[in-house]
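Structure incoming, see below.
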């Protein structure tokens, strides 16, 4: 079974803190994704990585950065957390190519107070 | 801009009924269409993937079809059960620079 594992299910952080969300996959997938999910807005892509050290901005990259130093790990960084970053964060991975399937982690519910 | 639309946003049906969830997309060059289930506060679970060369996939009581010419996919759930209550999302995967484009989902409630 493919496993995409996010480091935390729930996090509570203070405004201004630097926050790291970690995601690890065990299927040697080239692609990894970070989404946030908010009621009424659906899933919005924050960043996408298609290889080690490679990244592309998604639809809402402002206030976020990412790191991919190893193929299996993709980190989302909130440089200075703000209350409007309170959300559900979802990590996904997939192989590159046309006939590929995406797999998701269990999600991290982040609350910034 | 490619878009994926799911209507209705919410649906309630009595237990035991067969039902169809709809997904439409604007990109006729779609590669794959993937259906997910999401329980409240949880991540997404992949249900079915219809690859570019296929027209439908089946898993248990679930059947998903893909019609590229009309820009539509449907997820058919037979003999619905309360445990089927969840949000169902469809997404284009593959191609498109490998990005995934989601619909906003249909929140399904099966009435006991």
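What follows is calculated from the coordinates using simple rules that are stated; it is not laboratory data. From a predicted model like this one, the values you see are computed outputs, not experimental measurements.
Where the centre of each part is set by its Cα atoms, how far does region B:1-58 sit from region A:21-69, in angstrom?
22
Report the percentage of all Cα-Cα pairs in the protein assembly as shown whose separation exceeds 26 Å, rounded to a whole percent.
Above the 26 Å cut-off, the protein assembly as shown has 36 percent of its Cα pairs.
Relative contact order, percent, of region A:1-54 when contacts are C-alpha pairs under 8 Å separated by at least 6 residues?
Value for region A:1-54: 29 percent.
Mind checking which of A:48, A:33, A:20 has the largest fluctuation in a GNM of chain A, springs on alpha carbons under 10 Å?
A:20
Got the relative contact order for chain A handy, in percent, Cα pairs under 8 Å and 6 or more residues apart?
36 percent.
Okay, moving on. What do the square roots of 5 times the Cα gyration tensor eigenvalues come to for chain B, in whole Å, largest first, as semi-axes of the equivalent ellipsoid?
Equivalent-ellipsoid dimensions as semi-axes: 23, 14, 12 Å.
Classify region A:41-113: rounded, prolate or oblate, from the alpha-carbon gyration tensor (a ≥ b ≥ c, eigenvalue square roots; a/c under 1.5 rounded; otherwise prolate if a/b is larger than b/c)?
Prolate.
Let me have the relative contact order for chain B, percent, based on Cα pairs under 8 Å that are six or more residues apart.
In percent, rounded to a whole number, it is 37.
Next up: For the protein assembly as shown, what proportion of DSSP beta bridges, expressed in % and rounded to the nearest 5, is antiparallel?
90
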